[in-house]
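Heads up: the structure comes next, in structure tokens.
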Amino acid sequence: MASPTTDDIVLRCTGLHRHLGQGEGRVHVLRGVSFEARRGEVYAVVGPSGCGKSTLLYLLGLLDRPDKGEIWINGRLMSNTLDEARTAARGEHIGFVFQFHFLMLEFSALENVMMPMRKLGRLTPAKMAERAQFLLESVGLGEKTHRLGTQLSGGEQQRVAIARALANEPAIILADEPTGNLDVKNSAVVFDLLTRLAKENGQAIVLVTHNPEIANRCDHILSMRDGQFVA
Amino acid sequence: MSTTFRIALRFLTARRRAMLMSLACIVLGVGLFIVTQSTTTGFEEFFIRTVLGTNGAIRVEDRIQPTIRTMEVGNGSETAGYTIELKDGVRYIEGIEEPEQVIKALRQFANVAGISEVVYGSADIRSSFKSDEARVYGIHLADHLSVSDLARQIVRGDLAGFRDNPTGLLLGVRLADRLQVQVGDSVLLRAGTELRRYRVSGVYETGIGDIDKVRVFMHMGEARSLLRKATGASFIQVDLYDRERAPQDAARMQSVLEHSVTSWQQREKTWLDVFRALRISTGITVSVFTLIAGLAMYNTLALIVMEKTKDIAILRSMGYTRRDITRIFLWQAAIVLTIGAILGSGLGWGVTEAVSRMPIRIRGIFTSDHFVVSRSVWHYVSATGISIVMVMVASLVPARRAARLEPGDVIRGTAQ
């Protein structure tokens, strides 16, 4: 196996600080977190509730802004850029999988997967539909592409969410407890799918989990406590 | 179909009942606005047609003579005092002394379509049944037909009978009814010491009660003889090609002719103001429906924003911009507005047509036996324009609120 180079680093953050809340309720959630993620590798962020795992994930996904520190996506400093640039970077380089699926329930599975592609606009509508069909088949939902979100089980919805996260072939997949809402069997299926598809495409996966079995199957485990990584 | 439009279409179904309420308000607002504007404008236009067809677009009458007064200047002492002459105002000398000269000058105005010289005076009219007061109008029939709708206003008898009979009369319908005379009957007219017999050739109805109960048309020669006005004219009635330009033409004519010149807008200002006030007040009243539609849309979209915060957050996480989110909500308002405007226009058209067939007896300022409506595309444009402004302005607030949502805050709030 070749040693990783700086070209393999798709995500880097240095000295991230983040406070949440206001006044007396203001909490210093992240206290100078630094981290790198490389292509084709799976990172598990673990730690007790409230230690700042999800906050870190939202910062890395450019859904939130750090109070201090830098975030680099594919070699571009993104932490202090304008909202338009951050939004564009999310669409092009980052795929999200959340614990509660967040499918748009008025749309079919196929339409949900096509949603990020429509915004990016790289493919023709026919190609988008073809790729969405391929991704849904990859997650085992080839027969249910035209079902609405409400007509899918929790596990199926999460699989659609994974297909959607992969739609634009992003460099980074950020997953916030992707199996937290699923039973053991479905958890294994979803995790296997996510890691297999990401590795096949050379994508970096950063996932937050409370599940030690899932964490142990990742390439790297990053333990977090009181807003910092601990050895 | 754009992605934002596609999403907006699906979001519409999220609050179907509330959306239907907004839609109903838009339909009612647009529809009733069209109906009220069609009826008020219809009556106004009918009134204008009536007064133009009766008294013409412009009336030239009394001669204007500037008046001069002298003023002493200085402190009144013997050495400083002297006097200057000032234009004090104008004096009106009744009638037109040289009608031929005035008519010749009037013909120079490009907008003038017809000119009719009129001599009028008071007289007593007597039938075998009763006597009454009358205003005798001496006219040259051909000229007067070019400045009025007299030909169309004849309800009994005909103009040919009047034209061929030098002692023929045209009576207003209310006067004829009060005297209980028919076409062919004879009446006596007394003006001063003159008493003459005439024959009723026709009965006209302008619809304006004050005219129909007193005005009697007769040939110019007979009128001059009866009223003892051998020369001059009481007034000159003028019709214009572009009647909306009457105030400008009247002002120019007055300065050129040195006679008092009145446009129909000035002459009928009171009634025109009444109609305009009525049109505006009904417009404002029914716009309340559109205002309610705007508030209902605001409420519905605000609810959808609250319900769809997760969807908004996920769209933002996928690369949809704040502008895209604003568009999604404005599209929803635009879709409902479009459907509402189309249905409202249909409702407005249907009710307007139904109202136009509704019987109603109106006498006084004009005559009508049914509702008078005006069919103008501008009523539809105005109704739609008002609803667009109200609904879209009301929709902007929730749409912008949706766009301002921070996806991180939404997802964190849901996840924790």
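The values are calculated or read from the model by the stated rules, or taken from the named source; none is laboratory data. This structure is a prediction, so every number in the text was calculated from the model and none was measured. Please note: Cβ atoms are built from the backbone with ideal geometry, for glycine as well, and neighbour counts cover all protein chains shown. Just so you know, the surface numbers come from the protein's heavy atoms only, side chains and all, with ligands and any DNA or RNA stripped out. Shrake-Rupley method; radii C 1.70, N 1.55, O 1.52, S 1.80 Å.
A few points about this structure:
- Computed with a 1.4 angstrom probe on protein heavy atoms, the A-B interface buries about 2500 square angstrom of accessible area in total.
- Of B:38, B:67, B:170, farthest towards positive along the dipole that unit charges on Lys, Arg, Asp, Glu beta carbons give chain B: B:38
- Within-13-Å neighbourhood charge of residue A:26 [Cβ basis; K, R +1; D, E -1]: -1
- Surface accessible to a 1.4 Å probe, per residue, for the residues of the range B:209-313, Å²: 47
- Only aspartates and glutamates eight or more places from residue A:199 in sequence, or on another chain, were considered; those with a Cα closer than 20 Å are A:7, A:8, A:36, A:41, A:92, A:137, A:169, A:176, A:177, A:213, A:219.
- Heavy-atom SASA rank of B:298, B:241 (probe 1.4 Å, accessible area, largest first): B:241, B:298
- Computed over neighbours whose Cβ is under 11 Å from that of residue A:118, the net charge equals +1, Lys and Arg +1, Asp and Glu -1.
- Efficiency of FRET between residue A:126 and residue B:354 - r from beta-carbon atoms, R0 41 angstrom, step 0.05: 0.20
- Sum of side-chain charges, residue B:61 neighbourhood, beta-carbon under 13 Å (Lys, Arg +1; Asp, Glu -1): -2
- Compared with the direct C-alpha span, the chain from residue B:67 to residue B:342 gains 92.8 nm at full extension, assuming 0.36 nm per residue.
- For the range B:321-338, a drop of 10 Å² or more in accessible area on going from the chain alone to the assembled protein chains (1.4 Å probe) is found at B:321, B:322, B:324.
- Mean-position separation - Cα centroids, the range B:138-216 and the range B:282-344, in angstrom: 64
- With 29 Å as the limit on Cα-Cα distance, the pairs of A:53/A:185; A:127/A:185; B:130/B:269 that go past it are A:127/A:185; B:130/B:269.
- On the beta carbon distance between residue B:107 and residue B:376, with R0 = 41 Å, the FRET formula returns roughly 0.75.
- Global geometry of the range A:80-123, whether rounded, prolate or oblate, following the gyration tensor of its Cα atoms and the 1.5 cut on a/c: oblate
- Solvent exposure of the range A:2-102 amounts to 43 Å² per residue of accessible area, where only protein heavy atoms count and the probe is 1.4 Å.
- Gaussian network model of chain B, springs between alpha carbon atoms under 10 Å - residue of B:169, B:141, B:195 with greatest fluctuation: B:195
- Solvent-accessible area per residue, Å², over the range B:121-195 with all protein chains present [probe radius 1.4 Å]: 49
- For the range B:92-127 versus the range A:135-183, the gap between their alpha-carbon centres in whole angstrom: 91
- The accessible surface of the protein assembly as shown, taken with every protein chain in place and a 1.4 Å probe, is 53 percent carbon and sulfur.
- The modelled label-to-label distance for the pair residue B:307/residue A:83, using points 7 Å beyond Cα in the direction of Cβ, is 2.5 nm.
- For the range A:30-86: rounded, prolate or oblate by the Cα gyration tensor [a/c cutoff 1.5]: oblate
- Highest GNM mean-square fluctuation among B:259, B:370, B:144, for chain B modelled with Cα contacts below 10 Å: B:370.
- Set of lysines near residue B:308 by C-alpha distance (under 25 Å), chain-local residues within fewer than 8 positions excluded: A:119, A:144
- For the range A:100-140, residues shielded by at least 50 square angstrom of accessible area compared with the chain on its own, probe 1.4 Å: A:102, A:104, A:106, A:107, A:115, A:118, A:119
- Inter-label distance for residue B:409 and residue A:28, nm, one decimal - labels placed 7 Å from Cα along Cα-to-Cβ: 2.5
- Taking the Cα centre of the range A:9-154 as reference, the dipole from Cβ charges on Lys and Arg (+1) and Asp and Glu (-1) amounts to some 260 debye.
- Cβ-derived FRET efficiency at R0 45 Å, residue B:193 paired with residue B:393, nearest 0.05: 0.05
- For the protein assembly as shown, the Cβ-based charge dipole about the Cα centre amounts to some 1100 debye (Lys, Arg positive; Asp, Glu negative; other atoms uncharged).
- Protein-only accessible surface at a 1.4 angstrom probe places the residues B:96, B:292 in the order B:292, B:96, largest first.
- Inter-label distance, nm, simple model (7 Å from Cα along the C-beta direction), residue B:20/residue B:133: 6.5
- Helix content alone sets the calculated 222 nm mean residue ellipticity of the protein assembly as shown: runs of n ≥ 4 DSSP H residues at -39500 (n - 2.57) each, divided across all residues, give -15500 deg cm²/dmol.
- Surface listing: B:328, B:386, B:284 arranged by accessible area from highest to lowest gives B:284, B:386, B:328, probe 1.4 Å.
- Annotation: for a label point projected 7 angstrom from Cα along Cα→Cβ of residue B:269, residues of the range B:236-261 with backbone N closer than 14 Å are B:247-248, B:251, B:261.
- Shape analysis of the range B:327-416 places it in the prolate category; the axes a ≥ b ≥ c from the Cα gyration tensor give an a/c of at least 1.5, with a/b above b/c.
- Extension gain, residue B:5 to residue B:151, is 46.6 nm, computed as 0.36 nm per intervening residue step minus the present C-alpha separation.
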